[in-house]
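**Q** My structure is below; once you've seen it, I'll send some questions.
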Amino acid sequence: MNREREKWGSKIGVILAVAGSAVGLGNFLVFPGRVVENGGGAFMIPYFIAFILIGIPLAWIEWSMGRWGGRQGHGSGPGILNAVTQKPYAKYLGSIGVMGPLLIFFLYVYLESWILAYIWYSLTGVLSEAAQNNTTGELFSRFISHEKSIGPIPASLFFFGLTFLINFAVIYFGIRRGIEKTVKVLMPLLLFLGIALVLKVLTLENLSEGLAFMWNPDFSKLRDTKVWFDATSQVFFTTSVGIGAILTYASYVRKDQDIALSSLTANSTNVFIEVIVGGTIVIVPAVICLGAIQAQEVTTGGIFSLGFITMPMLFQEMGPTVSWVVQLTWFVLLFIGGVTSSISILQPGLSFIEDELNLQRKKAISLLGVITLFFSLLIIAGGDTAINEADILGFQLALLVFGAVEAVLFAWVLGGKKGWQEIQKGADIGIPQIYRHIITWITPTFILVLLFFWAYDGGMEHLLMRTIDQTSTIELLGGFEMKEGHFILLLRGLFIALFAGINGAI
Ligand code: PHE
Ligand code: NA
């Protein structure tokens, strides 16, 4: 446990790694889907409020606790929270920071594989053809329901397998230097092409309709708990906070190295890319091409599908040759961006197995591989039902719960004063004093109140499975039929078993 911890090559190195973790599918697939599902403009106010009052402070909290825990030889939630607070129970709360990222990974790696498939469909011209014939929706639904194939294998499974292997190969061959270098090249390219696409969108006919949908606030929606729940969880998801990934990355930061500015830089870059680039190139064309109502319908069928259906329509506007190149490049960049995120999602689990179970790195990676493969396949088999469940539990609820744990421990157990000093150690900027009060009072309270309202307003009903139609059956991959409720029970039972296993190991 006292072995010397590896450290980041440079200050810029850790910023790049965290930015690489932050910028991913969240910005281009999840964000647009959530905005459209919630009716557009209504989403943006809670989103910015959550970013300023919770996202930014919680990121500072995670960075400082991670750096602190790393000093004591810990790299994941249980060890770090215990080291920081000196409370034995903090270990068990910290285990949510191992479970959460695993839950996210199971689904995230599958979504990532859709992008790899779209690289293939771009390369082979299938996608352009679909865009020309206005059948991108059909292409997507055939792909997702395993009807498209590569040789004898369903394309969905083929690309999933490949994506899974790529992720574990990257982890296996060591990551520090690799991520730093990749992100240094990737981020400018992604920004550059992204902004070029934004400019293209700005030339579209009926532009104002699309922009209005996203930017005209609908104040009446502010009373809707779901909008706040979706906006806040999206802020967490996209900045990679409230999950444990930053805890692990920050545990490799030197003890006197800045975290205040680094964290702010990574977060602001991410939100810019999400709102300006992701929002403009996915949401605006979606509203222009499909109309607000139909776009919203697409998201009720699955929020992650929107980008796959509308982005090809945007590329189509550029003429055959240009669109082929741009489309291909875009999906390649997006895929790499996804990989730099998904490997960060694997870090807490890996670090947990290494630090707390004292398993050797190679063995730790194999164990992690077996677990994640099993659960990802289960989610693929369960289709929409499973995706939806993993979305709510992993992409949303787990983040808010762990975020609340971190904020409460930091502000109320450790104490605002100590915490505030820790954040400012080595800081390259002076953080406005007001944030001291925000961190102490607003951040923890906000998340707790939100969780309460969510539970009261249907969340509990969902958890108790009251909202699930007990008569409907779903067809699992391979044709096996099962009652939907039974499948969800099975899925949750296995999640609980995994969580129990993690807690048993600490
Ligand atoms: N922030 C990443 C994205 O936007 C996803 C992520 C979530 C990464 C949680 C790490 C931890 O795609
Ligand atoms: Na993001």
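The values are calculated or read from the model by the stated rules, or taken from the named source; none is laboratory data. All of these numbers come straight from a predicted model, not from anything done at the bench. Methodologically, a virtual Cβ is constructed for each residue, glycine included, from the backbone with ideal geometry; neighbour enumeration extends over all protein chains shown. Note: areas computed on protein heavy atoms with side chains; ligands, DNA, RNA excluded. Shrake-Rupley method; radii C 1.70, N 1.55, O 1.52, S 1.80 Å.
**Q** Which one, SER208, ILE468, HIS74, projects farthest toward the positive side of the charge dipole computed for the chain from Cβ point charges (K/R +1, D/E -1)?
**A** HIS74
**Q** In deg cm²/dmol, rounded to 500, what helix-only [θ] at 222 nm does the chain give when every DSSP H run of at least 4 residues adds -39500 (n - 2.57) and the total is split over its residues?
**A** Using -39500 (n - 2.57) per qualifying helix, the result is -22000 deg cm²/dmol.
**Q** What does the net charge come to around ILE303 if you take all other residues with beta carbon closer than 13 Å to its beta carbon, with K and R at +1 and D and E at -1?
**A** Here the charged neighbours net out to -3.
**Q** Could you pull out every one of the aspartates and glutamates with an alpha carbon less than 12 Å from that of LYS425, ignoring same-chain neighbours closer than 8 positions?
**A** Straight-line reach from LYS425, under 12 Å: ASP256, ASP258.
**Q** Which of the pairs LYS11/LYS200; LYS181/LYS255; LYS363/LYS483; LYS7/LYS226 have their Cα atoms more than 29 Å apart in this structure?
**A** LYS11/LYS200; LYS363/LYS483; LYS7/LYS226
**Q** Ignoring ligands, DNA and RNA, please state the percent of accessible area on the chain from carbon and sulfur, probe 1.4 Å.
**A** Reported share for carbon and sulfur atoms: 64 percent.
**Q** Compute the Kirkwood hydrodynamic radius of the chain, taking the inverse of the mean of 1/r over all pairs of distinct Cα atoms, and give it in Å to one decimal.
**A** 22.9 Å
**Q** Related question: Which residue, chosen from PHE375, VAL287, THR300, occupies the Cα position most advanced towards the positive end of the dipole of the chain, where the dipole is computed from +1 (Lys, Arg) and -1 (Asp, Glu) charges on Cβ about the Cα centre?
**A** About the Cα centre, the residue reaching furthest to the positive side is PHE375.
**Q** Continuing with the same structure: Longest segment of the chain with no GluC sites (Glu not before Pro) in a DSSP loop having at most 16 other Cβ atoms within 10 Å?
**A** Of all site-free stretches, the longest is 318-506.
**Q** Send over the semi-axes of segment 337-486's equivalent ellipsoid, whole angstrom and largest first, taken as the square roots of 5 times the C-alpha gyration tensor eigenvalues.
**A** Equivalent ellipsoid semi-axes, largest first: 36, 25, 12 Å.
**Q** Go through segment 392-480 and name the chymotrypsin sites (Phe, Trp or Tyr not before Pro) that are in a DSSP coil and have 15 or fewer other Cβ atoms within 10 Å of their Cβ.
**A** Within segment 392-480, the qualifying chymotrypsin sites (Phe, Trp or Tyr not before Pro) (loop, at most 15 other Cβ atoms within 10 Å) are PHE480.
**Q** Do any chymotrypsin sites (Phe, Trp or Tyr not before Pro) in segment 135-223 lie in a DSSP loop with no more than 16 other beta carbon atoms within 10 Å, and if so, which?
**A** For chymotrypsin sites (Phe, Trp or Tyr not before Pro) across segment 135-223 that sit outside H, G, I, E and B with at most 16 neighbouring Cβ atoms in 10 Å, the list reads PHE173.
**Q** Helix 443-454 versus the longest principal axis of the chain: what is the Cα-based angle in degrees, 0 to 90, to the nearest 10?
**A** Tilt of helix 443-454: around 50 degrees.
**Q** Which semi-axis lengths, in whole Å and largest first, follow from the square roots of five times the eigenvalues of the Cα gyration tensor of segment 84-143?
**A** Each semi-axis is the square root of five times an eigenvalue, giving 44, 10, 7 Å.
**Q** Helix 260-272 versus the longest principal axis of the chain: what angle, 0 to 90°, nearest 10, using Cα atoms?
**A** So the helix axis and the longest Cα principal axis differ by about 10 degrees.
**Q** Cβ under 14 Å from ILE468's Cβ, ILE468 left aside: what net charge do those residues give with Lys, Arg +1 and Asp, Glu -1?
**A** Result for the local shell: -2.
**Q** Note down the magnitude of the dipole of the chain about its Cα centre, charges +1 on Lys and Arg C-beta and -1 on Asp and Glu C-beta and zero elsewhere, to the nearest 20 debye.
**A** Value, rounded to 20: 1980 debye.
**Q** Related question: For every other residue with a beta carbon closer than 14 angstrom to the beta carbon of MET214, add +1 if it is Lys or Arg and -1 if Asp or Glu, then tell me the sum.
**A** Cβ neighbours under 14 Å give a net charge of -2.
**Q** Which whole-percent values make up P(r) of segment 425-506 when all C-alpha to C-alpha distances are grouped in 5 Å steps starting at zero?
**A** Binned Cα distances yield the sequence 3, 11, 11, 12, 13, 13, 11, 9, 7, 5, 4, 2.
**Q** Let me ask another. Solvent-accessible area per residue for the chain at a 1.4 Å probe radius, Å²?
**A** 38 Å²
**Q** How far is helix 41-50 tilted, in degrees, relative to the longest principal axis of the Cα atoms in the chain, given as a value from 0 to 90 rounded to the nearest 10?
**A** Here the helix axis deviates by roughly 20 degrees.
**Q** For the chain, calculate the relative contact order in percent as a whole number, restricting contacts to Cα pairs under 8 Å that are 6 or more residues apart.
**A** Answer for the chain is 31 percent.
**Q** How much length is gained on full extension from VAL449 to TRP215, taking 0.36 nm per residue of separation minus their Cα-Cα distance?
**A** 81.6 nm
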